[in-house]
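Structure, as C-alpha cells:
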Amino acid sequence: MHGYNSAMEWSAANPARPLEVVDLETGNIGSVLKMLVRIGVAPRVVRAASEVSGEVPVVLPGVGHFSRAAAALDASGMRRRLGELHAANLPFLGICLGAQLMALRSEEGSGEGLGWLGTEIRRFPDVGTDGSRLRVPHMAWQPFRPPDGALPFAVPPGRMYFAHSYFIDPAPIPGQSLCESEFGGVRFCSVARSRHAIGAQFHPEKSHRFGMGFFSGWVEWAWQELLSR
C-alpha cells in the first residue's frame, strides 16, 4: 500500500501535497527532503520500482558518479518504472545528476542514461573559450532569469547554486533545452524538458529562497497537470 488512493483524494484531504523522492543511494537526499517539507510538501522516499505509485509527481535528486547512478537505475528496477511514467506524462523533476540521467550517456563513465534527452553529458574543459584556466568543478551562484514562457511554471528571477563538473550539452536539443547558462564561455543546459519531465542542473535545495520559488512553481504545475486529467 502506498498510503493514498488517488491524487484527487490527497489534494482534497491534505494540504501537504505528496511527492515521491527516488533514492538511488548515490548521495545525501536530506537537504531535498527538508526543502520540500518547508514548502508544504509531504515527500515519501522510494528505493525500489515497486514502491513508486505512479499517482503523484516524482523527484530524482542526485550527486556523485554517473556510472554508479546508472547501475542503480537498473538494480532497483527504476529505469523501467521511470520510463513507464515518462511515457504516461507523469510530472517528474531531476536535480543535478538526476537531470543528467535524463540524457543518453555521459563522458564521466560507462552506463546508459534514461534516454529522454537526445544529448550527452560533457565534461567542462580545463581552459575556457578565452584561453583562461577554468576551475572545475563549477561551483558558483549564477543568475537565473528564464525567458518569458520558457518554463511551464512561473519562477521569479534570482540566482541558483551550481556544483558540477559535467553538463548537459544543449547543442543537440534546441527544442528540449529551456534555459541555458555559461561557465568559462561554455554554454550548458540549466533546465531541460522531455514531455512532463523537467531536469534542473542547479541545486534548488541549496539555493535558499530562489530554490524555494523554483520548487514551489514546479510543485504547483505538477499537481495542476495531475488534477486536470
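Every number here is computed from the coordinates shown, using simple stated rules; none is lab data. Keep in mind that this is a model prediction, so the values were computed, not measured. Counting neighbours? That spans all protein chains shown, and the Cβs are built from the backbone with ideal geometry, glycine included.
Relative to the Cα centre, the charge distribution of segment 17-227, modelled as +1 at Lys and Arg Cβ and -1 at Asp and Glu Cβ, gives a dipole magnitude of about 380 debye. Largest GNM mean-square fluctuation among L82, L104, L134, using the chain with Cα springs under 10 Å: L134.
Can you tell me the 0 to 90 degree angle between the C-alpha axis of helix 78-87 and the longest principal axis of the chain, rounded to 10? It works out to around 80 degrees.
Distance between the modelled labels on R123 and R47, one decimal in nanometres: 3.1 nm (7 Å Cα→Cβ projection). When every Cα-Cα distance of segment 46-137 is counted in 5 angstrom steps from zero, the calculated P(r) takes the values 3, 13, 23, 23, 15, 10, 5, 4, 3, 1, 0 percent. Estimated from helices alone, the mean residue ellipticity of the chain at 222 nm is -8000 deg cm²/dmol (sum of -39500 (n - 2.57) over DSSP H runs with n ≥ 4, per residue).
Structural size metrics of segment 114-201, computed from C-alpha coordinates, are Rg and Dmax of 13.2, 39 Å.
Please report V52, V136 as a ranked list, fewest other C-beta atoms within 10 angstrom at the top and most at the bottom.
V136, V52
The ellipsoid that matches the Cα gyration tensor of segment 74-229 has semi-axes, each √(5λ) in whole angstrom, of 25, 20, 13, with the longest given first. Given R0 = 25 Å, the distance between the Cβ atoms of A140 and A171 translates into a calculated FRET efficiency of 0.65. Here M78, M35 are placed in order of increasing Cβ neighbour count within 10 Å, fewest first, which gives M35, M78. Rounded to the nearest 10 degrees, the angle from helix 208-227 to the longest Cα principal axis of the chain is 50 degrees. Evaluating 6.51 cos²θ - 1.76 cosθ + 1.60 at θ = phi - 60° for every residue in segment 138-146, the Karplus couplings come out as 6, 10, 6, 7, 9, x, 9, 9, x Hz, glycine and proline recorded as x.
Close amide H contacts of V21 (hydrogens built in the peptide plane, cut-off under 5 Å, sequence separation of 5 or more or a different chain): R44, V45, V46, V59. With respect to the chain, whose longest principal axis is taken over its alpha-carbon atoms, helix 66-76 is tilted by about 20°.
Test of understanding: in a Gaussian network model of the chain with alpha carbons linked when under 10 Å, which of V22, V45, V58 would top the mean-square fluctuation ranking? The residue with the greatest mean-square fluctuation here is V45. When the Gaussian network model of the chain links Cα atoms closer than 10 Å, the mean-square fluctuations of E51, E20, E182 top out at E182.
Three semi-axes describe the equivalent ellipsoid of segment 54-102; taken as square roots of 5 times the Cα gyration tensor eigenvalues and ordered largest first, they are 18, 13, 8 Å.
When L227, L73, L178 are ordered from fewest to most other Cβ atoms inside 10 Å of their Cβ, what list results?
L227, L178, L73
For the pair A75 and E107, a Förster radius of 22 Å applied to the C-beta separation gives a FRET efficiency near 0.45, rounded to the nearest 0.05.
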